[in-house]
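Single-structure report; data block below.
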Amino acid sequence: QVQLVESGGGYVQPGGSLTLSCVASGSILSLSNLGWYRVPPGKQRELCAAIDNNGRTNYGESVKGRFTIYRDNAKNTVYLHMNSLKAGDTALYFCHAERDSVEYWGEGTRVTVSS
């Protein structure tokens, strides 16, 4: 069983920045498809970013160039740094991982971008 706990959400003005954190209950080196997804109000879930154990990253088109995913294996934590936030980034953000073909999700952290 893997537990993922997100934090760092909140309110931010357009153009602002925010960093989300996701702490795993065990070594993130044992996890695959580690990443962040989001569910905007009234919309479907979409990929924000993913990172593998070699540090290779993959980003959703809507966040490319603005969001950065990175990991700290020693802290079992994956981060999502978000720059130049827009109203359209308002969403519930979820941490995701897989182990042994089982998917795990955190409970989410809400980000609201508003003036």
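The values are calculated or read from the model by the stated rules, or taken from the named source; none is laboratory data. None of the values given here were measured: they were computed from a predicted structure. With ideal geometry, Cβ positions are generated from the backbone for all residues, glycine too; neighbour counts draw on all protein chains shown. Surface accessibility is based on the protein's heavy atoms, side chains included, excluding ligands, DNA and RNA. Shrake-Rupley method; radii C 1.70, N 1.55, O 1.52, S 1.80 Å.
Taking Cα centre as origin and charging only the Cβ of basic (Lys, Arg, +1) and acidic (Asp, Glu, -1) residues, the dipole magnitude of the stretch 18-115 rounds to 300 debye.
Please tell me the relative contact order of the chain in percent, rounded to the nearest whole number, where contacts are Cα pairs under 8 Å and at least six residues apart. Kindly include the intermediate steps, with their values, before the conclusion.
Details: 286 pairs, mean separation 42.9, N = 115.
Once divided by the residue count of the chain, the mean separation gives 37 percent.
Among the cysteines of the chain, those with no neighbouring cysteine Cβ under 4.7 Å are C48. Set Lys and Arg Cβ to +1 and Asp and Glu Cβ to -1, take the dipole of the chain about its Cα centre, and tell me which of F67, S115, G9 lies farthest positive. Farthest towards the positive end: S115.
The fraction of accessible area contributed by carbon and sulfur in the chain is 45 percent, rounded to a whole number (1.4 Å probe; ligands and nucleic acids excluded). Summing +1 for each Lys or Arg and -1 for each Asp or Glu among the other residues whose beta-carbon sits under 9 angstrom from that of Y37 gives +1. At q = 0.15 Å⁻¹ the log10 of I(q)/I(0) for the chain amounts to -0.58, computed by Debye summation with a single uniform scatterer per C-alpha, solvent ignored.
Ligands, DNA and RNA are left out, and with a 1.4 angstrom probe the accessible area of the chain is 53 Å² per residue. When only alpha carbons of the stretch 49-115 are considered, Rg and Dmax amount to 13.0, 43 Å.
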